[in-house]
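The values are calculated or read from the model by the stated rules, or taken from the named source; none is laboratory data. Source: prediction; values computed, not measured. Cβ placement follows ideal geometry from the backbone for every residue including glycine, while neighbour counts extend to all protein chains displayed. Accessible surface is based on the protein model in full, side chains and every heavy atom, while ligands, DNA and RNA are left aside. Shrake-Rupley method; radii C 1.70, N 1.55, O 1.52, S 1.80 Å.
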Amino acid sequence: GSLIEQLTTEKYECMVCCEVVRIVAPVWSCQNCYHVFHLNCIKKWARSPASQAEDGNSGWRCPACQNASVQVPKTYTCFCGKVQNPEWNRNEIPHSCGELCGKKRQGLDCPHLCNILCHPGPCPSCPAFVTKTCECGQTSHSVRCGQSTKIHCSNVCGNTLNCGKHSCTQVCHAGKCSPCQLTVQQVCYCGSNFKEVLCGSKEEFSDGFGSFSCQNICGKKLNCGRHNCKQVCHPQPCQLCPRLPQVVYRCPCGQTPLSKLLELGCVERKICTDPIPSCGKTCGKPLSCGSYEFVHTCESLCHEGDCKPCSHTSNIYCRCGFKKKVSVTLGNFLFFLIAAITFMCDKRCNKKRSCGRHKCNEVCCVDTEHKCSLVCGRKLNCGLHRCEEPCHRGSCQTCWQTSFDELTCYCGESVIYPPVPCGTQPPECKKTCTRPHDCDHPVYHSCHSEEKCPPCTYLTQKWCMGKHEVSLDNLTLPHVGLYSTHKEQLDTDEFVKSGFRLLGIGGCSPCVTCCPSFQSYKFVLPQTKSTTFFFRIAAISIATKLTDLQLGDSVEISRLITKKEMKQARLQCDEECLALQRNRRLAEALEIDDNSDPFNIRSSGPKYSDLLKEDARKDIKFVSDIEKEMRMLVEAVNKGKHTKKSHCYPPMNRDHRRIIHELAQVYGIESVSYDNEPKRNVVITAVKGKSICPSNTLTSVLDKEMQSRPAPPLPHYKQTDKSSGNSGLSKPLKEEPVIDYFDVQD
């Protein structure tokens, strides 16, 4: 009724194009969900890749119910499918033929066809009345044909059960009857045991001798009437007595026929109790002990009955095969198995477990994987929790714990909303820091998560000690002045106090007016504790400047030293510098290119630095191996087809890496360091045409210097006057140390 009203008033929309379905427009109706679509829209949808079924072989899917169809609709038919291209009539339902529907109702056993006019949607239930029987078939009732409910009466079912012997006692019910629940007593084949089973089950079957095997010895009398059956409870009749004369044809060991023994004079057997003649040979039957390598046999003479226990010895190995036992008496095979399984050595396994951190330490280990059963326990990336997984290789997974509280900066302006993974740092904030500070100066740094604020960088005015000059100074960076007073005027303690003032500790720096005798020069002082502490303070001040450089800030260092000291700090030119200046002037006069080498000066030999030579003397073997590998690499790339070849050195310390970098420059080889400490290593790359092998290696240069070096002179001792009472040689003179401000180490 809803479909008819919407189609008649043109309010029904196509699910494909979302347009209204007109009365005269060709349509198609799904026979599963009864949705109506434009015929052209459903054709386009059926050909599109989005409509294909998941398995790819079931056709296309309905846009509404996803029911798969194989054929694509091509013609416009009425709802019952009898008329193609039905004409619209005002008195009839749109897109219908106006005749009886006549379709068979789906999902019901109704034999009647739909008796209303052609319509959209499902057919209504059948209005006809029919006579139906109940589930057990004993009673009948008149009901509507379209009624889907089953009819039940109040009588007992009475149908025969699966056993074929008993009847169903349940009230009229749907479906098959339940299996018979009565029990039947059964007896075993040998007749010594009984059990109860359900009637009609497979276990109820009997072959006339019994129904099951109790797995005990049969024990029934054999046909001879003297011996009992020694087989396990069995369904068939018992076998003949194995000792009957007509059954036994050989001696007990089985090596000699009884016919030959009868010819030799043995007594013929009449009944089963008569002894079986012995041949007198060694029994030779295989015993139950044995092993995989050797089979032990009975060494007794031919006899009846069971063989005696084995008297041989054998070797039993532990399960890991490290240790063995000798001279073990093997009475039977079961004893051999028990001894082989229980015997273990005391050797502990030294192999690494799967984690690579712990040893196995298992006694008599036979494991091949060596899985680690310990808990990892290493700290996760958050630094708060530990890894709870079994011990493993590689890095641990990220911390799985999450906070559902907002994470803010100190001032609360920047926020990270939950969920927040464990270990997340507070967000960066560009607002000015709002923490309480020690001074009242303006704050220039941003909000931060560290508890301690950076030093104050506000410049303040400071007077000199005599109140003559005003200078701008920083509160946090101590002002270092390289000034000193005359040694004759101040003693050591007073000089140290002046040094504290020079460094800006306990007062401001003096000006020239305060002390005109201040001058700049290198201190020549005795090595006392006070002077050492003074220069330690100076080193700390310079180190503060270097820390700012490492943080990426620019630092003005011109205030640390004077212009005169800067001139004194410059290196004096030596003969090599003068030669280079002379050659440069000569090249400019002759108009020679700087890159050219007409006199073969640059290629005359490699230039090794003094620091490299000094390091090479400490570890000459290491340098020799490095040079050998570099020469082989350069020769290989120059002779080969490839333009580049690389070599990777193992991880090593910083001094060895520096030696490799300096040697690589001499050989024209590219060198790069990778990874972090302590796994940092160097990779060198030789380039064809660029890398060269120098004529003189560093080791050969050191050998020549050692050969040409003169013998070291004897130490000079001061000759003392014999009359002074001190005979012999005195100690060498000790010079006063010269302290250089540019070689400060802390």
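Just a few scattered comments:
- Around the amide H of C298, modelled in the peptide plane, lie the amide H atoms of G284, K285, L287, all under 5 Å away and 5 or more residues distant in sequence or on another chain.
- Legend: residue pairs K645/K679; K607/K641; K44/K82; K323/K347; K281/K308, Cα-Cα distance threshold 19 Å; pairs beyond threshold, K645/K679; K607/K641; K44/K82.
- Rounded to the nearest 10 Å², the accessible area of V16 at probe 1.4 Å: 60 Å²
- Estimated vicinal HN-Hα couplings, Hz - segment 5-18 in sequence order (Karplus 6.51, -1.76, 1.60; Gly, Pro = x): 5, 5, 5, 5, 8, 6, 10, 7, 10, 6, 6, 7, 9, 6
- Placing pseudo-labels 7 Å out from each Cα toward the beta carbon at H303 and C453 gives an inter-label distance of 10.7 nm.
- Here is the list for segment 160-269: chymotrypsin sites (Phe, Trp or Tyr not before Pro) lying in DSSP coil, each with at most 10 other C-beta atoms within 10 angstrom of its C-beta, are F205, Y249.
- Ordered by 1.4 Å accessible area with all protein chains kept, R22, R61 run largest first as R22, R61.
- Estimated at the nearest 10 Å², the accessible area of K704 is 120 Å² with a 1.4 Å probe.
- Shown are S646, S354, whose ranking by accessible area with a 1.4 Å probe and every protein chain present, most to least, is S646, S354.
- If only the Cβ of Lys and Arg carry +1 and only the Cβ of Asp and Glu carry -1, the dipole of segment 343-411 around its Cα centre is close to 540 debye.
- Once the Cα-Cα distance is subtracted from the 0.36 nm per residue extended length, the Y76 to T643 segment shows a gain of 196.7 nm.
- Accessible surface of H642 - all protein chains present, 1.4 Å probe, nearest 10 Å²: 120 Å²
- Estimated distance in nm for a label pair at A587 and A636, the labels positioned 7 Å out from Cα along Cα-to-Cβ: 3.6 nm
- Between N40 and T169, residue separation times 0.36 nm minus the direct Cα-Cα distance comes to 40.2 nm.
- Ranked packing of 430-436, 168-174, 275-281, most packed first, by mean Cβ within 10 Å: 275-281, 168-174, 430-436
- Shape call, segment 611-698: gyration tensor on alpha carbons, a/c limit 1.5: oblate
- Spacing of the modelled spin labels on C382 and Q239, each 7 Å from Cα toward Cβ, amounts to 7.4 nm.
- Two-site FRET efficiency, R22 against H112, from Cβ-Cβ distance with R₀ of 45 Å, rounded to 0.05: 0.85
- Additional length obtainable on full extension of the chain from D367 to Q255, 0.36 nm per residue less Cα span: 35.5 nm
- Using a Förster distance of 60 Å, the FRET efficiency for N32-Q231 (Cβ separation, nearest 0.05): 0.35
- Among L663, H642, V682 the positive-end extreme of the charge dipole of segment 611-698 (Cβ point charges): H642
- Look at the Cα gyration tensor of segment 1-124: its axes a ≥ b ≥ c give a/c of at least 1.5 with a/b at or below b/c, and that counts as oblate.
- Distance-filtered residues of segment 164-193 - backbone nitrogen under 17 Å, label point 7 angstrom along Q138 Cα→Cβ: 166-178
- Ordered by 1.4 Å accessible area with all protein chains kept, L580, L407 run largest first as L580, L407.
- Efficiency of FRET from Cβ geometry, K285 and K220, R₀ 35 Å, rounded to 0.05: 0.80
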